[in-house]
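Scroll down for the structure; my scribbles are underneath it.
None of the figures in this text is laboratory data; all of them are computed from the coordinates on show. Values in this document were obtained by computation on a predicted structure and should not be read as measured data. Positions of Cβ are generated from backbone atoms using ideal geometry, with glycine treated the same way; all protein chains shown enter the neighbour counts.
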Amino acid sequence: MPADTALHDVAPEPGVAKPDPIVVGSSISRQFGGLKAVDVEHLEIQRGAITALIGPNGAGKTTLFNLLTGFDKPDTGEWSFNDRSLQGVPAYKVARSGMVRTFQLTKVLARLSVIENMRLGATGQRGERLWAAVLRPLWRGQEAAITARADDLLTRFKLDAKREDFAGSLSGGQRKLLEMARALMVDPELIMLDEPMAGVNPALKQSLLGHVKSLRDEGRTVLFVEHDMDMVRDISDWVIVMAQGQIVAEGRPETVMSDPRVIDAYLGAHHDTDLSEIDTDTLAAQVAEEIQEEAAE
């Protein structure tokens with residue numbers, strides 16, 4: 001059943017159960033000093049769908065990504081991927097299980113070529129073992145297969161012309177494409193994209209959008225963090241909204257965008273104040289006074 005059909009009758013409520021969740025989490029929290037960055041009571045991600053995770057800056061979106069993928073440890077909570085608990089599982093084992101992610105700031109290895117970056121994305125390489133490294137016949141065939149897969153992906157993402165270039169010479173958008181292509185080297189079921197459009201020029205945005213849609217068409221699940229609301233409306237089957245570490249709303253894009261809880265999360269509870277009634281001189285003086293007070297502290 002297509003993801004949009006499966007989610008059609010799901011109630012637009014925070015933490016709502018999904019028909020076929022690939023990720024399920026409960027009571028996930030992470031605190032830094034006096035700040036509770038993540039406080040998620042319940043979370044489910046629908047299999048085969050593109051789910052957007054949105055919210056204002058500081059809402060806890062990337063921290064939640066880090067917790068789910070093993071790059072950080074929660075204070076409380078449990079979560080599973082394909083009914084297998086990932087609690088305490090290190091990041092590299094999470095990736096091997098079929099749940100991979102990209103980063104807001106790209107993590108390409110700048111002094112390696114594009115094709116070398118791609119090869120590193122493959123797992124279970126026999127030539128990485130010390131005793132086998134000197135015995136090339138043991139891993140030559142596997143390396144050839146890995147390289148062939150990498151070349152196919154580079155062609156798909158239109159990076160084949162950059163094959164032998166240093167990854168550090170790529171533009172910001174090309175690095176995003178490289179990260180996405182490298183993530184596919186492990187043939188994942190779930191791909192988590194952290195702000196895939198950040199720093200990407202308009203010429204490459206449509207290309208990235210097309211690639212994200214193609215992942216769903218292949219039967220993969222996509223969870224992405226994004227501030228570009230046009231992208232969220234265009235490609236999302238479902239939207240989850242975070243604010244102050246909590247999930248405050250969920251639903252289909254057209255439902256979420258008009259939800260008062262979402263408007264409050266982005267604009268504050270007094271978003272409907274008539275700005276024409278505000279004395280701008282007084283407001284400017286108050287802001288200046290607050291800045292001086294903070295500087296004095």
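Using every pair of alpha-carbon atoms in segment 199-244, split the distances into 10 Å bins beginning at 0 and state the percent of pairs per bin, rounded to integers. Final binned percentages: 21, 57, 21, 1.
Computed from the C-beta positions of ARG140 and LYS93 and an R0 of 35 Å, the FRET efficiency is 0.80 to the nearest 0.05. Each other residue within a Cβ distance under 15 Å of SER171 adds +1 if Lys or Arg and -1 if Asp or Glu, for a net charge of +3. In whole angstrom, segment 23-123 maps to an equivalent ellipsoid with semi-axes of 25, 17, 14, each derived as √(5λ) from the alpha carbon gyration tensor and ordered largest first.
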